[in-house]
Amino acid sequence: MDFGLSEEQRLLKDSIERLLADRYDFEARKQFMQSAEGWSRELWQQYAGLGLLGLPFEEKHGGFGGGPVEIMIVMEAFGRALALEPFVATVLLGGGLLRRAGSDAQKAAVLPKVAGGDLLLAFAHAERQSRYDLGDVLTAAKRDGAGYVLEGAKSLVLHGDSAHQLVVSARVSGSRKDREGIGLFLVDAKAEGISRRGYRTNDGQRAAEIAFEGVKVGADAALGEPGRAFPVIERVVHETIAALAAEAVGAMTAMHEMTVDYLRTRKQFGVPIGSFQVLQHKAVDMLVAIEQARSIMFYGTMMAEEPDAETRRKALSAVKAQIGRSGHTVGQIGTQLTGGIGVTMEYKGGHYFKRLAMIDTMFGDADHHLAALARMGGLAET
C-alpha cells in the first residue's frame, strides 16, 4: 500500500510545519496559554490564511474539500507543536456536525465564517453522568410551538468559553441512554438562559461547563431531523478520534526526539548517559511504541470515512486502544529518562505527557475501547 503524499499534501505539510516552527516555540506557547482566551488569535487568522480552517469543507462553503489524510497532516503538526488553538472544537467537531447534518442554508451561513477564522464553534455534548457513552444524554429539548426549549447542563465543552455558537445535543424523546431521540441544535452562545464557566484543562487547553435554563431556539436551529442525530454524532466523533491519533503521534515523536537529545547531552560519570545500554533499550521501547501508534494512525485515517458504522466502530476502537497505550508508554519512559526535569513546568516533555493523557481520555480511554472491541468480537473475522 502506498502511504506517500501527493504534491499538494506535501505542500500542506511543509506550510504548516514551517509556520509552527517559526511561531510556536515553547516560550511563545506559554504566553498564549496565559492569555485571556488561552490561545493565539493572530495564529488562528494565519491558519485561516493557509486554508486550514476550511480544510474539510466544500469549496462552495469557503473550504478546500480535504479529507482524512489532509486532516492527519495538520493534526500531526499540531501535536508536535502542542498547539492550543480550537481546531478540534471548531473545525472537526462543530464544523464536522454542520458539514454532516446541516441544511444547505445552515452550512452556507456558518461554514464560510468558520473557514475565514471569524466564527468559533463548540460541541456541547458530554454530561456529568455520561462518562464515555455518546448516547447518554439528559439535556432536554422540549417542544415550544414551532421551536424548542433547552434545559440541562454540559460538561467539558472543549473551548466552550470562547465559542460564538454551540452545537448542542439534547433529547427530544426516549430515556437517558437511548440512541434514538437525540437532536442537534445550533445555538448562539450568548443566548438568554445560557451560562458558561470556562477553565484551563490539565494539558493547557480550555474547556467550559455550560448550563441551559429555558433557552429558546427556533425550528431552524435543528441540524437534521430532531431525534435522529446519534449516527451523525458517532460518525463525527470517529473522524475526530482519527485526527487525535495523528496529533498524539506528532506529540510522541517530538517527545522521543527531545528525550534522545537529552540522553546525548546529559553526562554522568564523565560520559553521556545515552551511552548506557539500559537507557538505550528504553529509548528503543519508546520508538517501538511510536511506530505501533503510527501504523494504527494510518489505519484510522483510512477507516475514518468508512460508511458502515459497525466496521468503523471496531476500527476506531482499535485506534483509540493502541494510541492510548503507546502514549502512556512514551510519556512514562520519556519522563523517567529525563529524571527530575521531566516533571517541571519549564520542560516541554511533561507537557507532551499531559496532552497524551488527555487525548487518551477523550471519547473513551484505552481500557474502555479495548473492552468495547472485545465485546464486538475484535477486528478479525472468526
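Angle, helix 104-115 long axis vs. longest principal axis of the chain, Cα atoms, 0 to 90°, nearest 10? Approximately 30 degrees, to the nearest ten.
Between the helical axis of 309-337 and the longest alpha-carbon principal axis of the chain there is an angle of about 40 degrees.
Here the dipole of region 74-165 is about 140 debye; that uses its Cα centre as origin and unit charges on the Cβ of Lys and Arg (positive) and Asp and Glu (negative).
Using the beta-carbon distance between SER173 and GLU305 and R0 = 35 Å, what value does 1/(1 + (r/R0)^6) give for FRET efficiency, to the nearest 0.05? Intermediate results must be reported in sequence, preceding the final value.
Details: r = 29 Å, r/R0 = 0.84.
Computed FRET efficiency for SER173 and GLU305: 0.75.
Based on the Stokes-Einstein relation at 20 °C and a viscosity of 1.002 mPa s, and on the Kirkwood radius from alpha carbon pairs, region 7-119 is assigned a translational diffusion coefficient of 150 µm²/s. Over all Cα atoms in the chain, the spread is summed up by Rg and Dmax: 21.1, 79 Å. Prolate is the label for region 49-181, because a/c, from the alpha-carbon gyration tensor with a ≥ b ≥ c as root eigenvalues, is 1.5 or above and a/b exceeds b/c.
Computed over neighbours whose Cβ is under 12 Å from that of ALA293, the net charge equals -1, Lys and Arg +1, Asp and Glu -1.
In terms of Cα atoms, the Rg and Dmax of region 231-375 work out to 16.8, 61 Å.
Would you please calculate the Kirkwood hydrodynamic radius of region 122-227 over all C-alpha pairs and express it in Å, rounded to one decimal? Result for region 122-227 stands at 13.6 Å. How tilted is helix 230-265 with respect to the longest principal axis of the chain? Cα atoms for both, answer in degrees (0 to 90, nearest 10). Here the helix axis deviates by roughly 20 degrees. Most mobile of GLY224, GLY250, GLY94 per a Gaussian network model of the chain (Cα springs, under 10 Å)? In the Gaussian network model the winner is GLY224. Hey, what D do you get for region 254-321 in µm²/s if you plug the Kirkwood alpha-carbon radius into Stokes-Einstein at 10 °C and 1.306 mPa s? The Stokes-Einstein estimate is 111 µm²/s.
Helices in the chain, meaning DSSP H runs of at least 4 residues, each add -39500 (n - 2.57). Divided by all residues, the mean residue ellipticity at 222 nm is -16000 deg cm²/dmol. Model label points for ALA21 and ASP285, set 7 angstrom from Cα along the Cα-to-Cβ axis, are 3.2 nm apart.
Rounded to the nearest 20, the Cβ-based charge dipole of the chain about its Cα centre (Lys and Arg +1, Asp and Glu -1) stands at 840 debye. Assuming R0 = 56 Å, what is the FRET efficiency of PHE269 and ALA146, from their Cβ-Cβ distance, to the nearest 0.05? E between PHE269 and ALA146, to the nearest 0.05, is 0.10.
The 3J(HN,Hα) values that the Karplus relation (6.51, -1.76, 1.60; θ = phi - 60°) gives for region 43-48 are, in residue order, 5, 4, 5, 5, 4, 4 Hz. Gly and Pro appear as x.
For region 122-227, what is the charge dipole size about the Cα centre, in debye to the nearest 20, if Lys and Arg each add +1 at the Cβ and Asp and Glu each add -1 at the Cβ?
Details: 15 positive and 15 negative charges, 52 e Å.
It comes to approximately 240 debye.
Highest GNM mean-square fluctuation among SER40, SER326, SER103, for the chain modelled with Cα contacts below 10 Å: SER103. Short to long, the 5 Å bins of the Cα pair-distance histogram for region 2-45 hold 5, 19, 21, 18, 12, 11, 9, 4, 1 percent of all pairs. In the Gaussian network model of the chain, springs joining C-alpha atoms below 10 Å, which of ARG294, ARG264, ARG29 carries the largest mean-square fluctuation? Judging by the Gaussian network model, the answer is ARG264. Karplus-derived 3J(HN,Hα) values for region 288-304, using 6.51 cos²θ - 1.76 cosθ + 1.60 with θ = phi - 60°, are 4, 4, 5, 5, 5, 5, 5, 5, 6, 4, 4, 5, x, 4, 5, 8, 4 Hz; glycine and proline are entered as x. Distance between the modelled labels on ALA211 and ALA153, one decimal in nanometres: 0.7 nm (7 Å Cα→Cβ projection).
Count the net charge of all other residues whose Cβ sits under 11 Å from the Cβ of TYR47, scoring Lys and Arg as +1 and Asp and Glu as -1.
Numbers: positive: ARG23, ARG41; negative: GLU42, GLU85.
Result for the local shell: 0.
Can you flag which of LYS154/LYS177; LYS190/LYS354; LYS282/LYS354; LYS142/LYS190 are past 24 Å Cα-Cα? From LYS154/LYS177; LYS190/LYS354; LYS282/LYS354; LYS142/LYS190, over 24 Å: LYS190/LYS354. Give the calculated FRET efficiency between GLU42 and GLN277 to the nearest 0.05, with a Förster radius of 51 Å applied to their Cβ-Cβ distance. Efficiency for this residue pair is about 0.65.
Throughout, read-outs are computed from the coordinates displayed, never taken from laboratory work. Since we're looking at a predicted model, the values are computed, not measured. Virtual Cβ from ideal backbone geometry, glycine too; neighbours counted across all protein chains shown.
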